[in-house]
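As structure tokens, the structure follows; a few thoughts come after it.
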Amino acid sequence: MPTKKCTIKTLLEQLLMYKREVVIGNIIAILATFLVALIPLLIPILVDELLLGKDHGFITFVSQHLFTSDTKGYVFFVLAIIIVLRILSTLLSILQTKIFVSISKNITYDMRVALLEHLKRISLKEFEMMRVGAVTSKLVTDIETIDGFISSTISKLIVAVLLLLFSAVVLLGIHWQLAIFILITNPLVVLFTVKMARSIGELKKQENKAVEMFQSTLTETLELFHQIRAANKEDYFFKQSKQKAEALKEHAVNYGYKSDASQKFSSLVFLTGYEIFRAVSILAVAYSDLSVGLMLAIFSYLWVMVGPTHDIINFQYVLSSAKAACGRVESIYEMEQEPQITQSSDPFTGKHAIAIEVKNLSFAYLENKDILTNISMYFEEGSKVAIVGASGSGKTTLSNILVGFYPFHTGEILYDGVSNKTLKLSTIRENIHLILQHPKLFNDTMRFNLTLGKHYSDEAVKNALHIAQLDDVMERLDLGLDTLVGKDGIKLSGGQRQRVAIARMILSDPKVVIFDESTSALDVHTEVRLFGALQDFLADKTVITIAHRLSTIKSAEHIYVLEDGVVVDSGTPKELLEKDQSYFSSMV
Ligand SMILES: Nc1ncnc2c1ncn2[C@@H]1O[C@H](COP(=O)(O)OP(=O)(O)OP(=O)(O)O)[C@@H](O)[C@H]1O
Ligand SMILES: [Mg+2]
């Protein structure tokens, strides 16, 4: 079994790569905490020594070693110390946060980059089954959860434990019986509030889920609005959104009053616990030797202990949600990748075109259900070959395989004699350009859609547009090449989008071109003009054309006929037309 890439162990290993920063950050955090940990003792001691005449030795120490003064002087002195300590502690804790935040953000950045790298190489088969929303949410929300875990582990846990220990020692030193009572009951009170907050968190999650459901149903409805209206199904689809809105309302009401009730309830328990501690402390003053000043100190430490106790109790929840988030992130790593092939030679270098030989190729999307069976074809260097066949016969599947989109296990494809098994997929795609029937455009400028970010001279772009019969279209675009084409190229017609894809191919200047019904949306005249203009450009390239239109394939030198994934015949157009008219019967 492959080793998992996201577990608590791997996170800690990643953390260890920042060992130095983690150590420095923790030292600063401990300093910041201990600078203020003594503060709750100072004022109560003054109360005892200055107001109640009970000696703890503090004033004696100050007057012997520092200075002597009256009550006012000592109070201001202690106040000044407290303020300085608080300022120092605040500055240190800002520094500490900066260190910890940059560690956790660096780790999560690395995780995101690693995931993106994995996604970049994902196999097309996996991609087709992928729920894009789920993947993006893993990259955002789950990584954030992990970020929370890392930052709370490294920045809070050690300090929380130390602060709690320190407070426990001070309390035990002041009054051990009372300290034991507090040390047992305080965590129970905090545990109760944490549990309450958790159950409310669960309700909030349900509400968020309801929001998500409502949002996705509505988005889908609006995205397919055209279709829905055409099918006269507005009532049905909007009713679904309404149902989701209703569920959302119920969850929101549930969360709304229960969260308020639970907050009030948990603060009731917390404050009651606090009052009980105070009452018990007063009893301790009355019936034992606890001084009033130290009683006040105990009150302060009660507050000091709440934060760290909460952090420690909460840690198990942070840990379990980080584990769950890691599990979800891991499912991205489990997605199959394209095979990484080591390449020994590149058959494309220095060539205008290459020959492709398909040998006994069989392929299935799902096991045992062959879509292509024992296909053998030969595309001579620089030849113009067509593939025809009824809808569903496997033409698109074959063209996808020729550019390495789907791995296959039976048969072989030789690119100028070099086997697909020894050729990098990126090399194949760099040199063989597949133009799809429904090309996807980016919601970006026309220029970007043509160049996909690569630099071409204006002249080259203009030439490509000219060959692709897009001159007229460009003239009508208000900002020319800088015009945004809209979502999925909505501002362009289907045939215009196909021509943009062809212009893109012209710019990339491949050695083999596969047209998979790439001109199906064009009228016959435009198509004839387009292929006329393309003639020179394609002259010395290997060209494979898949089309349902007789006019498109008539000029081919050779034609293969596919039926249910099997090559049933081949020959020149003339031979085939003479032999069996039925091959072309469905063509126009
Ligand atoms: N991604 C996929 N997963 C599973 N089955 C698929 C997938 N793509 C296509 N098929 C199936 O493979 C068969 C061949 O489809 P293909 O798209 O290759 O046919 P085609 O000859 O290009 O048809 P058309 O002329 O309609 O474009 C069909 O039965 C189809 O249902
Ligand atoms: Mg097809």
query: For segment 354-395, which residues satisfy the criterion of being crowded, with 20+ Cβ neighbours inside 10 Å and polar (S, T, N, Q)?
result: Ser393
query: What tally of residues in segment 256-289 results from selecting those that are hydroxyl-bearing (Ser, Thr, Tyr), surrounded by fewer than 14 Cβ atoms within 10 Å (Cβ to Cβ) and assigned to a helix (DSSP H, G or I)?
result: 4
- request: Restrict the check to segment 569-583 and report whether at least one residue is under 43 Å from the mean Cα position of the chain (by Cα) and closer than 20 Å to Ile356 by Cα.
  value: no
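For every residue, the table says whether it meets (1) within 13 Å of ligand 2 (Cβ to nearest atom); (2) aliphatic (A, V, I, L, M); (3) free of Cβ contacts under 8 Å to residues at least 60 places away in the same chain.
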{"residue": "Met377", "(1), (2), (3)": "no, yes, no"}
{"residue": "Val385", "(1), (2), (3)": "no, yes, no"}
{"residue": "Gly389", "(1), (2), (3)": "yes, no, no"}
{"residue": "Lys395", "(1), (2), (3)": "yes, no, no"}
{"residue": "His409", "(1), (2), (3)": "no, no, yes"}
{"residue": "Tyr415", "(1), (2), (3)": "no, no, no"}
message: Phe584 - would you say it is within 16 Å of ligand 2 (Cβ to nearest atom) and closer than 30 Å to Ser362 by Cβ?
response: no
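Answer yes or no as to whether Glu336 is surrounded by fewer than 20 Cβ atoms within 10 Å (Cβ to Cβ), in contact (Cβ under 8 Å) with a residue 60 or more places away in the chain, of a type in the set (D, E, K, R) and within 16 Å of ligand 1 (Cβ to nearest atom).
It is true that Glu336 is surrounded by fewer than 20 Cβ atoms within 10 Å (Cβ to Cβ), in contact (Cβ under 8 Å) with a residue 60 or more places away in the chain, of a type in the set (D, E, K, R) and within 16 Å of ligand 1 (Cβ to nearest atom).
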- line: Of (1) within 13 Å of ligand 1 (Cβ to nearest atom); (2) basic (Lys, Arg); (3) touching a helix residue (DSSP H, G or I) at 6+ places or on another chain (Cβ under 8 Å), Arg328 satisfies every one except (1)
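Okay, residues lined up against (1) charged (D, E, K, R); (2) within 30 Å of Leu171 (Cβ to Cβ):
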| site | (1), (2) |
| --- | --- |
| Thr309 | no, yes |
| Ile313 | no, yes |
| Ser320 | no, no |
| Ala355 | no, no |
| Lys395 | yes, no |
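Can you pull out the residues in segment 382-401 that are polar (S, T, N, Q), in a loop (DSSP other than H, G, I, E, B) and within 6 Å of ligand 1 (Cβ to nearest atom)?
In the first step, residues of segment 382-401 are kept if they are polar (S, T, N, Q); the result is 383, 391, 393, 396-397, 399-400.
Narrowing the set further to residues that are in a loop (DSSP other than H, G, I, E, B) leaves 383, 391, 393.
Those that are polar (S, T, N, Q), in a loop (DSSP other than H, G, I, E, B) and within 6 Å of ligand 1 (Cβ to nearest atom): Ser391, Ser393.
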query: Just a yes or no: is a residue in segment 459-479 part of a helix (DSSP H, G or I), in contact with an Asp or Glu (Cβ under 7 Å, 6 or more places away or on another chain), under 18 Å from Phe537 (Cβ atoms) and in the same structural domain as Lys541 (by TED's automatic domain parsing)?
result: yes
- prompt: Regarding Leu183, is this residue part of a helix (DSSP H, G or I) and either farther than 15 Å from Ala252 by Cβ or in contact with a strand residue (DSSP E or B) (Cβ under 8 Å, 6 or more places away or on another chain) (or both)?
  reply: yes
In segment 407-423, the residues that are closer than 22 Å to Ala364 by Cα and of a type outside the set (Ser, Thr, Tyr): Pro407, Phe408, His409, Gly411, Glu412, Ile413, Leu414, Asn420, Lys421, Leu423
In segment 514-540, residue nearest to the chain's Cα centre (by Cα) [restricted to those that are aliphatic (A, V, I, L, M) and within 16 Å of ligand 2 (Cβ to nearest atom)]: Ile514
- request: Please go through segment 121-177 and pick out each residue that is within 16 Å of ligand 2 (Cβ to nearest atom) and touching a residue at least 24 places away in the same chain (Cβ under 8 Å).
  value: Leu124
message: So if I check each of Asn368, Asn360, which one is more than 9 Å from ligand 1 (Cβ to nearest atom) and within 38 Å of the chain's Cα centre (by Cα)?
response: Asn368
statement: Just one listed residue, out of Gly417, Gly453, Gly404, is within 16 Å of ligand 1 (Cβ to nearest atom) and either in the same structural domain as Arg549 (by TED's automatic domain parsing) or buried (at least 17 other Cβ atoms within 10 Å of the Cβ) (or both), and it is Gly404
task: Please go through segment 322-380 and pick out each residue that is more than 30 Å from Leu538 (Cα to Cα) and of a type in the set (Lys, Arg).
output: Lys323, Arg328, Lys369
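The values are calculated or read from the model by the stated rules, or taken from the named source; none is laboratory data. None of these values were measured; they are calculated from a predicted model. Ideal geometry is used to build each Cβ from the backbone, glycine not excepted, and the neighbour counts take in all protein chains shown.
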